[in-house]
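The values are calculated or read from the model by the stated rules, or taken from the named source; none is laboratory data. Predicted model, so just to flag it, every value in this text is computed and none were measured. Glycine also receives a Cβ, built like all others from the backbone with ideal geometry; neighbour counts cover every protein chain displayed. Side chains included, ligands, DNA and RNA excluded: accessible areas come from the protein's heavy atoms. Shrake-Rupley method; radii C 1.70, N 1.55, O 1.52, S 1.80 Å.
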Amino acid sequence: HALNEWEKSCNNFIEKYKNLPQNEIEKILLDERTLESFQSLPEVERLNSAMQDVFNELLQNQGDRTKLPGSRQALLNKLEASGLRLAMGEGQYWLQPDNKIVYKAFLPHVSAAMQDYLTCLSNRPDSFFSDGGLKFPVRNYIQWAQQWDDFLVKHPGLNVSEQAQKAYRFLMMTALFCDLPNTPAFPRYNKGKMQDEWLLELHTAVQAH
């Protein structure tokens, strides 16, 4: 029942904007308040309450979904297909709306440049950090930054350029000067030098491009 309510609410959210003129849709997608309202849909809270037993079982199995009963694995897959994602932090699991379902729904309704912008957003994860450190290898941050750089070269001077530049700078600064306690690029013990493993990651990312 809670899942049906979520699916209905998610569809209503998307349908509310789908038939607007293209320029209006693009303005709405660029307005941070749009995705904030999507993230705040009340049906998600009810789903999280109903899923507590599944979350507890996941914790007991250290996040290994293959150890869950088949029915619960199927339920998680269905939830993710409906526009939710499983998040985890500080020893807890929860469901939250996945913005990617919004980006995908509006791809046919926006300009080619906006399609590229939404694709860049879809290619990056919803969170970059976990437990005081980077969540992914350094090379990934460089690759995501390069996607934004390619976008800016292809679409200079667009109304989304400022957001794209901000995303690019954030990723590059993270990759080159990360100072998170669990994954510092320049650890104290290395006397001001970048870690050899970090340099190797950067070199790998450059070669790959």
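Out of Val102, Val153, I need the residue that is assigned to a helix (DSSP H, G or I) and surrounded by 16 or more Cβ atoms within 10 Å (Cβ to Cβ). Which one?
Step by step, each of Val102, Val153 is checked, and only Val102 is assigned to a helix (DSSP H, G or I) and surrounded by 16 or more Cβ atoms within 10 Å (Cβ to Cβ).
Identify the residue in the range 32-52 that is open to solvent by less than 50 Å² (accessible area, probe 1.4 Å) and either among the hydrophobic types (A, V, I, L, M, F, W, C) or assigned to a loop (DSSP other than H, G, I, E, B) (or both) and, among all such residues, is nearest to Asp116 (Cα to Cα).
Filtering the range 32-52 for residues that are open to solvent by less than 50 Å² (accessible area, probe 1.4 Å) and either among the hydrophobic types (A, V, I, L, M, F, W, C) or assigned to a loop (DSSP other than H, G, I, E, B) (or both), the one nearest to Asp116 (Cα to Cα) comes out as Leu35.
Under 6 Å by Cβ, and 6 or more places apart or on different chains, what pairs join a residue from the range 86-107 that is within 22 Å of Asn56 (Cβ to Cβ) and touching a residue at least 12 places away in the same chain (Cβ under 8 Å) with one that is open to solvent by 20 Å² or more (accessible area, probe 1.4 Å) and assigned to a strand (DSSP E or B)?
Note: pairs meeting the criteria are Ala87/Trp94; Ala87/Gln96.
So, of the residues in the range 156-191 that are polar (S, T, N, Q) and within 14 Å of Leu121 (Cα to Cα), which turns out to be least open to solvent (accessible area, probe 1.4 Å)?
Among those that are polar (S, T, N, Q) and within 14 Å of Leu121 (Cα to Cα), it is Ser161.
So, Phe129, is that one open to solvent by 40 Å² or more (accessible area, probe 1.4 Å), of a type in the set (Phe, Trp, Tyr), out of contact with any Lys or Arg (no Cβ under 9 Å at 6 or more places or on another chain) and on the phi < 0 side of the Ramachandran plot or not?
no
Looking at Lys27, Lys78, which one is under 23 Å from Lys104 (Cβ atoms), part of a helix (DSSP H, G or I) and touching a residue at least 40 places away in the same chain (Cβ under 8 Å)?
On inspection, the qualifying residue turns out to be Lys78.
Taking Leu86, is it in a helix (DSSP H, G or I), at pLDDT below 95 and out of contact with any Lys or Arg (no Cβ under 6 Å at 6 or more places or on another chain)?
For Leu86, the condition - in a helix (DSSP H, G or I), at pLDDT below 95 and out of contact with any Lys or Arg (no Cβ under 6 Å at 6 or more places or on another chain) - is not met.
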